[in-house]
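Novice: Input: one structure, supplied below.
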Amino acid sequence: AKDGPVAQAARDGFTSSFGVLAATLGSAVGLGNIWKFPYLTGANGGAGFLLVYLIATLLVALPVMISEIMLGRRAKADAVTTLVRLAPARQPWWLIGAFGVVAAFLILAFYSEVAAWVFAYIFKAIAGDILTTDPAQASKSFASLVTDPIASLAWQWAVLALIGGILLMGVAKGIEAVTKRLMPLLFLLLIVIGARSLTLPGASAGLEFLFAPDFSRITPAVVLTAMGLAFFKLSIGMGTMMTYGSYFRADENVPATALRVMSADLFVSMLAGIAIFPAVFAFGFKPEAGPSLLFITIPAVFANMPFGQLFLVLFFVLAAIAATGAMLSILEVPVSVMSERLGWSRKKAVLVNLLLLAAIGSTCALSNSLAADMQLFGLNAFDLFDYVSSNILMPVGGIGLTVFVAWVWGRPRFEEALSNGGRIANRALLDVLFFITRWVTPLLILAVMLKGLGVW
Ligand code: PHE
């Protein structure tokens, strides 16, 4: 009866192709593009890192994304139930979904804190507080925010409440409606800021940095970082794409959607890089500024240009929009598991998740103040959650998903699910995709992980 047509008809989901694209792209495009991508590219040598990232995207991220969406759409259920339904009896593949829930909590714990800084910076930019050309002053201003336990917690909880509020409205009326309105605005803002940055004097040094490869910086650890970034940026390996896939309509073309999301996500990252690096070089900053690049370098850079304050406000609005779409999709993973698997109301699921997150997230919010000494392997909660999710949990999830799809499920079901019972338009492409999903992706992830973690 659980699979019956009544239950399925009543299930919330995306209502249009544009909604599917806006929500899925909204999930992919986030602080991963605007915060992580620039600082990781900057710290790891620019274009060489970019190239490794691109290879990881094609050979690893794309097959995982297609597999995930396909499974979710087939089962039309949350990440745990999907794998319970599709796996042979008594095989614990649902653990991938359960790990996904854990990963979602870890990611959101630190992500909501970075988002908190972004939201706070919109107001600081409006007030003019952070508009300084002096890098020392800019660092002081950032430090005063992150070391203030009350402000850090308050902003984080406000951000979580906002996301919870949108999720309460549901999938079509909440997630889809919000991302449909925000994504076009995000692209518009990005193009305005990119154009401003490219017309600064000295912008070419930044472009050279972004496009001229230096391979001497590429170590196994850097390759793992690039692959982890691909998982993180494309929201894969932890159930988000499975959950969103379950809201896809039957006639949606899965590989085409995945490809579109991947290219648009790349486009946004490149634009973010183009917006940030030329400006960084034009004003004589270092590209390796690390996670704080966004909050120290950018304000100082914008303060140097005409209409700087306006662009600074727009920049943080853009980052806040990007963070919102991503956070919706992260929180939807545990929310859907709790409401569908455990049979809770959506309201109860959202509230319980918010409480859990406020608790777990506070370890990250306080990682520069009260909880600074709370460390494991020399990392504070913030860095630990970031590292473990991108470099361990998501890649392991990726191995599990591709092995499940290509080895347990097998070719006939793969074909059937991709075409959704229809005709396969291009058999040669399908052959290539299946081969990569079966052999290349899981083995490559495994090799990169073992090498990057120094196990092998
Ligand atoms: N892809 C998002 C970003 O780039 C982050 C994210 C990770 C979203 C995992 C969903 C799941 O910011």
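The values are calculated or read from the model by the stated rules, or taken from the named source; none is laboratory data. Small disclaimer: the values here were computed from a predicted structure and weren't measured. Reconstructed Cβ throughout: ideal geometry from the backbone, glycine too, with neighbour counts over all protein chains shown.
Novice: Looking only at segment 346-391, which residues are of a type in the set (Gly, Ala, Ser), more than 16 Å from the ligand (Cβ to nearest atom) and crowded, with 19+ Cβ neighbours inside 10 Å? Steps first, answer last, please.
Specialist: Taking segment 346-391 as the starting set, the residues that turn out to be of a type in the set (Gly, Ala, Ser) are 349, 358-359, 361-362, 365, 367, 369, 371-372, 378, 381, 389-390.
Checking the rest, the ones that are also more than 16 Å from the ligand (Cβ to nearest atom) come to 349, 358-359, 362, 365, 367, 369, 371-372, 378, 381.
Of everything in segment 346-391, those that are of a type in the set (Gly, Ala, Ser), more than 16 Å from the ligand (Cβ to nearest atom) and crowded, with 19+ Cβ neighbours inside 10 Å turn out to be Ala349, Ser362, Ala365, Ser367, Ala381.
Novice: Within segment 209-243, work out how many residues are farther than 29 Å from Asp78 by Cα, of a type in the set (Phe, Trp, Tyr) and out of contact with any Phe, Trp or Tyr (no Cβ under 8 Å at 6 or more places or on another chain).
Specialist: Matching residues across segment 209-243 total 2.
Novice: Now a separate question. Among what's in segment 140-161 and is in a helix (DSSP H, G or I) and surrounded by fewer than 17 Cβ atoms within 10 Å (Cβ to Cβ), pick the residue that is modelled with the lowest pLDDT. Spell out the reasoning first.
Specialist: In the first step, residues of segment 140-161 are kept if they are in a helix (DSSP H, G or I); the result is 140-146, 149-161.
Going one step further and asking which of them are surrounded by fewer than 17 Cβ atoms within 10 Å (Cβ to Cβ), we end up with 140, 143-144, 149-150, 154, 158, 161.
Details: Lys140: 88, Ala143: 91, Ser144: 92, Pro149: 94, Ile150: 95, Ala154: 97, Ala158: 97, Ala161: 97.
Only one residue tops the list, namely Lys140.
Novice: While we're here: Has segment 58-79 got at least one residue that is more than 28 Å from Pro412 (Cα to Cα), touching a residue at least 40 places away in the same chain (Cβ under 8 Å) and aliphatic (A, V, I, L, M)? Walk me through it before giving the result.
Specialist: Within segment 58-79, the first condition is being more than 28 Å from Pro412 (Cα to Cα), and the residues that meet it are none.
No, that holds for no residue.
Novice: Now for a different question. Looking at Phe311, Phe315 in this structure, which one is under 20 Å from Gly32 (Cα atoms), more than 15 Å from the ligand (Cβ to nearest atom) and not β-branched (Val, Ile, Thr)? Walk me through how you get there before you give the answer.
Specialist: Working: Phe311 fails: under 20 Å from Gly32 (Cα atoms).
After ruling out the rest, the residue left standing is Phe315.
Novice: Would you mind telling me which numbered condition in (1) surrounded by fewer than 18 Cβ atoms within 10 Å (Cβ to Cβ); (2) in contact with a strand residue (DSSP E or B) (Cβ under 9 Å, 6 or more places away or on another chain) Val408 fails?
Specialist: Exception for Val408: condition (2).
Novice: Next question, about the same structure. Can you tell me how many residues within segment 258-292 are out of contact with any Gly (no Cβ under 6 Å at 6 or more places or on another chain), modelled with pLDDT of 80 or more and either among the aliphatic types (A, V, I, L, M) or on the phi > 0 side of the Ramachandran plot (or both)?
Specialist: Counting residues in segment 258-292 that are out of contact with any Gly (no Cβ under 6 Å at 6 or more places or on another chain), modelled with pLDDT of 80 or more and either among the aliphatic types (A, V, I, L, M) or on the phi > 0 side of the Ramachandran plot (or both) gives 10.
Novice: Cβ-Cβ under 7 Å, sequence separation 6+ or interchain: first residue in segment 424-439 and more than 11 Å from Leu59 (Cα to Cα), partner modelled with pLDDT under 95 and acidic (Asp, Glu). Which pairs?
Specialist: Ile424/Glu415; Leu430/Glu415
Novice: What's the number of the only condition in (1) over 21 Å from Phe211 (Cβ atoms); (2) assigned to a helix (DSSP H, G or I); (3) touching a helix residue (DSSP H, G or I) at 6+ places or on another chain (Cβ under 7 Å) that Met262 fails to meet?
Specialist: (1)
Novice: Separate question: In segment 373-381, is there at least one residue being in contact (Cβ under 8 Å) with a residue 24 or more places away in the chain and either closer than 16 Å to Leu106 by Cβ or part of a helix (DSSP H, G or I) (or both)? Outline the logic, then answer.
Specialist: Step one: list which residues in segment 373-381 are in contact (Cβ under 8 Å) with a residue 24 or more places away in the chain, which gives 381.
Next cut, either closer than 16 Å to Leu106 by Cβ or part of a helix (DSSP H, G or I) (or both) only: 381.
There is at least one residue in segment 373-381 that is in contact (Cβ under 8 Å) with a residue 24 or more places away in the chain and either closer than 16 Å to Leu106 by Cβ or part of a helix (DSSP H, G or I) (or both).
Novice: Looking for something assigned to a helix (DSSP H, G or I), over 22 Å from the mean Cα position of the chain (by Cα) and surrounded by fewer than 24 Cβ atoms within 10 Å (Cβ to Cβ) - is there at least one such residue anywhere in segment 324-335? First the steps, then the outcome.
Specialist: Of the residues in segment 324-335, the ones assigned to a helix (DSSP H, G or I) are 324-335.
Checking which are over 22 Å from the mean Cα position of the chain (by Cα) leaves us with none.
For segment 324-335, residues assigned to a helix (DSSP H, G or I), over 22 Å from the mean Cα position of the chain (by Cα) and surrounded by fewer than 24 Cβ atoms within 10 Å (Cβ to Cβ): absent.
Novice: Being farther than 20 Å from Ser419 by Cα and outside any helix (DSSP H, G or I) is the filter here, so list the residues in segment 65-109 that pass it. Steps first, answer last, please.
Specialist: Just the residues of segment 65-109 that are farther than 20 Å from Ser419 by Cα, to begin with: 78-81, 84, 88-109.
Of everything in segment 65-109, those that are farther than 20 Å from Ser419 by Cα and outside any helix (DSSP H, G or I) turn out to be Asp78, Pro88, Ala89, Arg90, Gln91, Pro92, Trp93.
Novice: Further question: For the subset of segment 228-259 comprising residues that are outside any helix (DSSP H, G or I) and within 11 Å of the ligand (Cβ to nearest atom), which member is surrounded by the most Cβ atoms within 10 Å (Cβ to Cβ)?
Specialist: Pass one, segment 228-259, residues outside any helix (DSSP H, G or I): 234-239, 246-253.
In the following step, the residues that additionally are within 11 Å of the ligand (Cβ to nearest atom) were identified as 234-239.
Values: Leu234: 29, Ser235: 31, Ile236: 30, Gly237: 34, Met238: 32, Gly239: 37.
In this case the residue turns out to be Gly239.
Novice: I would also like to ask the following. For segment 26-48, what are the residues that are of a type outside the set (Phe, Trp, Tyr) and more than 10 Å from the ligand (Cβ to nearest atom)? Write out each step before concluding.
Specialist: Applying the first criterion (of a type outside the set (Phe, Trp, Tyr)) to segment 26-48 yields 26-34, 36, 38, 40-48.
Pro38, Leu40, Thr41, Gly42, Ala43, Asn44, Gly45, Gly46, Ala47, Gly48, listed by residue number.
Novice: So is Leu51 modelled with pLDDT of 90 or more, within 30 Å of Phe434 (Cα to Cα), assigned to a helix (DSSP H, G or I) and more than 16 Å from the ligand (Cβ to nearest atom) or not?
Specialist: Numbers: modelled with pLDDT of 90 or more: yes; within 30 Å of Phe434 (Cα to Cα): yes; assigned to a helix (DSSP H, G or I): yes; more than 16 Å from the ligand (Cβ to nearest atom): yes.
When the stated conditions are applied, Leu51 passes them.
Novice: Let me ask something else. Only one of (1) hydrophobic (A, V, I, L, M, F, W, C); (2) within 30 Å of Asp134 (Cβ to Cβ); (3) buried (at least 24 other Cβ atoms within 10 Å of the Cβ) is not met by Ala289, so which one is it?
Specialist: Against the list (1) hydrophobic (A, V, I, L, M, F, W, C); (2) within 30 Å of Asp134 (Cβ to Cβ); (3) buried (at least 24 other Cβ atoms within 10 Å of the Cβ), Ala289 comes up short only on (3).
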